[in-house]
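Peer 1: If you scroll down you'll find the structure; I have some questions about it.
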Amino acid sequence: KNSVLWSRLKEEENIINSKEYKNLVNHRLQFPENNNAKYTLINHCKIDFVNLAIKHIKSEYYCWVDFGYLSKKEKTPLEMLDINKLNKEKINYTILNAIRDIDRNYLYTLKYAPEKIGGFFFFGNCENMKKFQSLYHYVHLKFQNLNIVDDDQFMVLQCYFENPDLFELHLSEWHQALIQFQKGKDSLTKIMNRNGSDKGNGHHNYTVYYEKLFGH
């Protein structure tokens, strides 16, 4: 009742079961995002769930975290998250690998499924969550009209290309994303960003690796 995206389930099923789509992703049909419309669409609904929560729970900032992501202790921050390590004026995501211009080509990303954006966590203020929801609805419908179905990481990547100014992307290892945002000493990347270095996040990203080598 509360999700525009879930209301598109029938169209999602029609696409995922179509001969044209199966021919396009025949090498990926073993993955649920390419064979199960309910699986794919429930992941798209994350942004609708967050905006539903906004109607009932008043806060300055909101985030989504996949509950399965925190199923192991090594994935869970020991301290509370420090929102000052996030950009409070953007929608924050973590990326697993640098985004390249070729990732704009949705047929390329559909075929090769490069690991770019991690869909397990995003953060932002109320206003930007609403903007993100509208953008997500638009991009999802755009790709349904192109007879394309894929996971939420794919969709967020295309949202980023539609409106990069809405997003702040943080380079991270898959299961270290929340740990790097926990309270405690500033990361080397945070220090470099604050002081205008081009070695920090969003530029060369060197400090992400320096931190691992010299953090101790």
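Peer 1: Distance check, please: which entries in 38/75; 73/131; 85/212; 190/212; 88/190 exceed 23 angstrom between their Cα atoms?
Peer 2: Those over the limit are 38/75; 73/131.
Peer 1: Pairing the Cα long axis of helix 46-56 with the longest principal axis of the chain, what angle in degrees results, from 0 to 90 and rounded to the nearest 10?
Peer 2: Helix 46-56 and the main axis of the chain meet at about 70 degrees.
Peer 1: Can you give the extra length, in nm with one decimal, that the chain gains between residue 58 and residue 205 once fully stretched, where that is 0.36 nm per residue apart less the Cα-Cα distance?
Peer 2: Length gained, residue 58 through residue 205: 49.4 nm.
Peer 1: Semi-axes of the stretch 164-214's equivalent ellipsoid from the Cα gyration tensor, sqrt of 5 times each eigenvalue, largest first, rounded to whole Å?
Peer 2: Semi-axes (√(5λ), whole Å): 16, 15, 11.
Peer 1: Same structure, new question: For the stretch 70-216, place one equal point scatterer on every Cα, skip the solvent, and apply the Debye formula. What is log10 of I(q)/I(0) at q = 0.10, 0.12, 0.17, 0.21 Å⁻¹?
Peer 2: Calculated log10 I(q)/I(0) at the listed q: -0.37, -0.53, -1.03, -1.42.
Peer 1: Counting only protein heavy atoms, what percent of the accessible surface of the chain is carbon or sulfur at a 1.4 Å probe?
Peer 2: Using a 1.4 Å probe with all protein chains present, the chain comes out at 53 percent carbon and sulfur.
Peer 1: Could you provide, to the nearest whole Å², the per residue accessible area of the stretch 133-216 with probe 1.4 Å?
Peer 2: That works out to 53 Å² per residue.
Peer 1: If you don't mind, there's one more thing I want to ask. Given the convex hull of the Cα atoms of the stretch 17-86, what is a quarter of its surface area in nm²?
Peer 2: Averaged projected hull area, Cα only: 7.6 nm².
Peer 1: While we're here: So how do 44, 137, 175, 204 rank on accessible area, 1.4 Å probe, biggest first, that is with the largest at the start? Don't jump to the answer; show the numbers that get you there.
Peer 2: On the way: 44 0, 137 30, 175 70, 204 95 Å².
Largest to smallest exposure gives the sequence 204, 175, 137, 44.
The values are calculated or read from the model by the stated rules, or taken from the named source; none is laboratory data. All figures in this text were calculated on a predicted structure; none of them were measured in a lab. These area figures cover heavy atoms from the full protein model, side chains too; ligands, DNA and RNA do not enter into them. Shrake-Rupley method; radii C 1.70, N 1.55, O 1.52, S 1.80 Å.
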